[in-house]
Amino acid sequence: MGRMRAFLLFAACGLAAAQTSKVRVALVNTPDDLLRELTPAFEQQGKYRVELSYIGEDPWGEARKGEADLVIAHYGHVGTQAFLAEGMGLYPLMVFANQAVLVGPASDPANVRGLPDVAEAFRRIAQSGSPFLVNNAGSERYLEQTLWESAGRPEQGPWYMDMGLRDQPVVEAAARIGAYALWGLAPFLRYLESVKPSGQEVLVSADPIFQRVMVTVLTNPEKVAGINVEGATAFQKFLLLPATQARIRTFRYGGFDRQAWWPFGRHNSGMNVQ
């Protein structure tokens with residue numbers, strides 16, 4: 001019996017160690033490609049492995065259920081404020097930003113390809129009467145309204161089209177009618193992979209207004225049981241290392257040779273990550 005008890009204790013300790021070594025990360029839809037490139041360097045340290053336990057619209061729900069040690073989501077995500085206000089997560093740290101882009105027909109009738117100023121691109125679209133299709137996703141709609149103001153509030157005539165659509169249905173409709181539209185870079189590139197050829201391209205991407213910051217939030221162990229605080233903290237720190245931030249800057253998608261992700265680690269106050 002003594003040997004059996006010792007064996008069971010050893011097995012239980014081994015199981016606990018295995019559980020502790022796993023860092024469960026819940027994500028919004030876009031950063032999984034980036035994280036899959038970054039995490040091997042973290043795992044090579046030999047102490048933890050990262051599991052992208054959830055990729056979708058509600059990573060905060062996973063954390064509330066105790067299914068995520070760390071959440072990575074947009075600072076402006078619909079669930080971020082409530083999660084933090086309720087004390088479910090610790091202080092958010094800015095880690096990187098993804099971006100929207102202006103897409104349109106390869107023929108580019110408004111002559112906007114490569115412009116560094118997307119407000120100027122919006123003005124040219126309006127002046128040329130080229131069709132622009134509204135994306136009613138919250139972030140893209142807000143961006144479009146800001147660009148409309150920046151372009152001098154051009155009259156929203158027949159060129160300005162709102163079909164009540166959002167995200168992929170917008171670019172699908174834009175492809176049919178030869179319209180310009182705003183959407184996230186990562187989902188647009190994934191869309192292009194599935195519909196080649198679509199006749200659409202990324203036409204404007206360089207303007208900083210496109211960037212949308214994401215944060216890491218450690219699930220509060222005082223509110224949720226079973227959180228791997230040590231592992232999640234280590235991974236959060238790894239993402240903020242200058243070496244990791246440099247890799248974020250140089251990450252590229254196949255078929256798109258421009259910068260797609262922007263390091264934001266320097267925006268955190270008093271960071272000591274050496």
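FYI, it's all coordinate maths here, none of it is from the lab. Since the model is a prediction, treat every value here as computed from it, not as a measurement. Don't worry about glycine lacking a Cβ; one is built from the backbone with ideal geometry, like all the others, and counts go over all protein chains shown.
Between the DSSP loop rule and a limit of at most 13 other Cβ atoms within 10 Å, which trypsin sites (Lys or Arg not before Pro) in region 32-103 are left?
Answer in residue order: Lys47, Lys65.
GluC sites (Glu not before Pro) within region 142-176: which are DSSP loop residues with at most 11 other Cβ atoms inside 10 Å?
Loop-located and lightly packed - Glu155.
Which GluC sites (Glu not before Pro) in region 184-274 sit in a loop by DSSP (not H, G, I, E or B) and have at most 12 other Cβ atoms within 10 Å of their own Cβ? Intermediate results must be reported in sequence, preceding the final value.
Values: sites: Glu193, Glu201, Glu222, Glu230; in loops: Glu222.
Taking region 184-274 and a limit of 12 other Cβ atoms within 10 Å, the loop GluC sites (Glu not before Pro) found are Glu222.
Taking Rh as the Kirkwood radius computed over C-alpha pairs, what is the Stokes-Einstein D of region 46-145 at 4 °C in a medium of viscosity 1.567 mPa s, expressed in µm² per second?
The calculation lands on 76 µm²/s.
Give the lysines whose C-alpha is closer than 28 Å to that of Lys65, dropping any in the same chain fewer than 8 places away, or say none.
In chain and number order, the partners are Lys22, Lys47, Lys223, Lys237.
When a/c reaches 1.5 or more, the comparison of a/b and b/c decides; with that in mind, is region 98-210 rounded, prolate or oblate per its Cα gyration tensor?
Cα axes put region 98-210 in the rounded bin.
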